[in-house]
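Comments concern the structure below.
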């Protein structure tokens, strides 16, 4: 049972190559981290897995628990268990957070079945308490006028509510102060489970102090160039991304 | 982050999905008209209508005069759409009725007419939350009733024909005064051939807790519906009036041209709520205006979803000090539709306040136009106007235009005007879809979000229905 990315290649619509054959397997129960410099293709990888239509998959495959998702639409992939916590979450003016999350949950139910409102709010409030979010938050429009920290917390809240099987967190630590980072990490750690795989995409090692990965991969120029244990993150922190060039030369 | 138009991700299915569910109103029963004025409009048509309706002489004369005005006035294509030229006045049927008087009980309404209104949910709504209902079928009301306790308080809620005959002393002084016959070509047309619509009088100090409702139904092809409504709220009274309308989708175009006059006397409050869901071949050319005296308030809450072309600019003349006027308007224009709507705010006394909030959504090749007029003359002081108009374009073929005209003379006034045009961006759609909503659901949520603050202004029962309509339209046939 895993999220399996095999030799994945993708270009922009104009043909510019971004992913040049990425192979990565994230079994349930494991937390993987991808690190890499800006422009290495990390964020593109997350969007391609989610099914973003601005990219063209030119080779390779993505499978969830053995099922190829190439033909699946963005929302089908979501309902199949893929969740992407966005680096820059979009604003949805006029739609309250409570209604938005409820609509997302509702979309997972069979036709004719309705969400139980009482149970829903009980669950929502419990998760919000864990993330130290004010109750007023439920009535605010999705991400509208949110601070960077509020947006990231909102992403984690949605993730906790939707209970996905595979979570991809794209630069979740960017724009967070240390207190906000700790709260976000608390939410993510609460989601760690033998039934769930996670992929953390980050530029800095800092996030990995709070969410300990089982495996660390380094991405550069559209490929995974190194894989290792948590110590790889520390190595990167110490030497910077320059050593990648040496690795690439070698 | 880029906010590209969402065109690329919208497929045909979604375009279709964004169509409002008009199927609810898309049915018809065979005509069984006892009275039919035939096609075309001449002096004879006017006399036929006056004869059938047994009009008093002054009304007959009023109609004939109006016909002349209608003929003399040019079609206003110098500022409005050329599509107005598509209306063939010689092909329209100006009066159709079964000759029955409006019934006070649904039990007495003919079965086909009863079934029509039951399918539209009118008797059910009446039982649930309405103080009175008038249900018009083609030219005449089939049903008209108001709760007994209101009648005892002196509330009058009858058809315009009953109003002008049985309550002439209240009706006649105000009739045609807020909107004179010559106001525009289509108001003149209505004045010539009007039939149906409501006459309402709320006595001094009476505050209606529940709304009154009128429902306008077109059943016959090539028919023109010309209802005429006059509402008078006496000093310190309050009333909310709601109207809904549907028609089946015929092969040929249908015309609906109403005139609605509101009079709010000192300290009175009138709210007029419209949910317009005509089928997409109806020309809907409506003139609506209210007169607000001292400390009075007139609010138009207007939602236009249907019709081929709607031209409607509800207005308020603030004639007494501290009078308030408001227009809250939602328009949804789909492919083949042009919603040309707006507001007219005429400040005619000191310290008067007006507010206009308009939101339009253009879908596919739909076109939404906002025309606003705010007039504050030089000799007044302390007048305020706030105008906001926001347009949402669903894709790149959609079109929106804004023509605000704010005339403020003198320097002791405060006006502000804000306008925005936005699009449902690809990034927003991607975000919502990544959470598991399909394209239709995501679009529906975005649209609902855009108009959410205005939908709340509608009475609860209507806002629920509005949301449901929009959800259905967006989600219905996707996936």
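Using the count of nearby Cβ atoms within 10 Å as a rough guide to exposure, how do A:17, A:30 rank from fewest to most? Mind dumping the intermediate values first?
Numbers: A:17 14, A:30 18.
Least to most surrounded, the residues fall as A:17, A:30.
Here, segment B:26-117 has an Rg and a Dmax of 16.9, 50 Å when only alpha carbons are counted. Between residue B:418 and residue B:129, the distance separating the two model label sites (each 7 Å from Cα on the Cα→Cβ line) works out to 2.9 nm.
Each principal axis of the Cα cloud of segment A:30-189 was taken in turn, and the coordinate range along them, longest first, works out to 46, 44, 31 Å.
Using the reciprocal of the averaged 1/r over all distinct C-alpha pairs, how large is the Kirkwood radius of the protein assembly as shown in Å? Walk me through the numbers before you get to the answer.
On the way: mean 1/r = 0.0350 Å⁻¹.
After inverting the pairwise mean of 1/r, the radius is 28.6 Å.
Look at the stretch A:92-100: the mean tally of other chain Cβ atoms within 10 Å of its residues' Cβ atoms is 6. For the residues of B:417-429, the average number of beta carbons from a partner chain within 10 Å of their own beta carbon is 2.
Once Rh for segment B:349-479 is found with the Kirkwood sum over Cα pairs, what is the Stokes-Einstein diffusion coefficient at 20 °C and 1.002 mPa s, in µm²/s?
127 µm²/s
For the pair segment B:343-408 and segment B:153-179, the centres of their Cα atoms are 31 angstrom apart. On the basis of the beta-carbon distance and an R0 of 41 Å, residue B:72 and residue B:381 show a calculated FRET efficiency of 0.60.
Once you average over the residues of A:74-80, how many Cβ atoms of partner chains fall within 10 Å of each Cβ? Write out the running numbers ahead of the final one.
On the way: counts 13, 11, 4, 3, 7, 4, 1.
The shielding value for this peptide is 6.
Most simply put, chain A has about 60% antiparallel DSSP beta bridges, counting only bridges with both residues inside it.
For segment B:125-205, what is the convex hull volume of the alpha-carbon atoms per residue, in Å³? Don't skip to the answer; put the middle values down first.
Numbers: hull volume 10.1 nm³, N = 81.
Normalising the Cα hull of segment B:125-205 by residue number yields 125 Å³.
Restricting to bridges with both residues inside the protein assembly as shown, how much of the DSSP beta-bridge set is antiparallel, in percent to the nearest 5? Can you show the working numbers first?
Values: 39 of 182 bridges.
Just about 20 percent of them are antiparallel.
Averaging Cα coordinates gives a centre for segment A:1-58 and one for segment B:194-253; these two points are 60 Å apart.
If you stretched the chain out fully between residue B:152 and residue B:58, how much longer would it get, using 0.36 nm times the residue separation minus the C-alpha to C-alpha distance?
Details: separation 94, 0.36 × 94 = 33.84 nm, distance 3.01 nm.
Extending this stretch completely gives an extra 30.8 nm.
Would you please give the FRET efficiency between residue A:53 and residue B:119, computed as 1/(1 + (r/R0)^6) with r the Cβ-Cβ distance and R0 = 56 Å, to the nearest 0.05?
Details: r = 41 Å, r/R0 = 0.74.
Efficiency, rounded to the nearest 0.05: 0.85.
Spin-label pair residue A:68-residue A:123: with each label point 7 Å from Cα along the Cα-Cβ axis, the two points sit 3.3 nm from one another.
Can you pull the Rg over Rh of segment A:174-240, Cα-only, Kirkwood? Before the final figure, lay out each step's value.
On the way: Rg = 12.6 Å, Rh = 13.0 Å.
Over the Cα atoms of segment A:174-240, Rg/Rh equals 0.97.
The radius of gyration of the Cα set in segment B:276-432, together with its Dmax, comes out at 16.8, 54 angstrom.
Just the ratio, please: alpha-carbon radius of gyration of segment A:90-161 over 2.2 N^0.38 Å, N its number of residues.
Values: Rg = 12.0 Å, N = 72, 2.2 N^0.38 = 11.2 Å.
After normalising by residue count via 2.2 N^0.38 Å, the value is 1.08.
Calculated FRET efficiency, residue A:225 to residue B:460, Cβ-Cβ distance, R0 = 41 Å: about 0.10 to the nearest 0.05. What the Kirkwood sum gives for segment B:6-475 is a hydrodynamic radius of 22.6 Å, with every pair of different alpha carbons counted. Across q = 0.09, 0.12 Å⁻¹, segment B:76-234 modelled as identical point scatterers on its alpha-carbon atoms has Debye log10 I(q)/I(0) values of -0.34, -0.59, in the order of the q list. Fewest neighbouring Cβ atoms within 10 Å first, the residues B:65, A:152 line up as B:65, A:152. For segment A:154-232 and segment B:79-110, compute the distance between their C-alpha centroids and round to whole Å. When both Cα centres are located, 65 Å separates them.
Antiparallel beta bridges, as assigned by DSSP with both residues in segment B:6-475, represent about 10 percent of the total such bridges.
From the alpha carbon gyration tensor of segment A:103-250, can you work out the equivalent ellipsoid semi-axes (sqrt of 5 times each eigenvalue) and give them in Å, largest to smallest?
Details: eigenvalues 234, 61, 35 Å².
Square roots of five times the eigenvalues give 34, 17, 13 Å.
Coordinate-derived values only; no laboratory data. All of these numbers come straight from a predicted model, not from anything done at the bench. With ideal geometry, Cβ positions are generated from the backbone for all residues, glycine too; neighbour counts draw on all protein chains shown.
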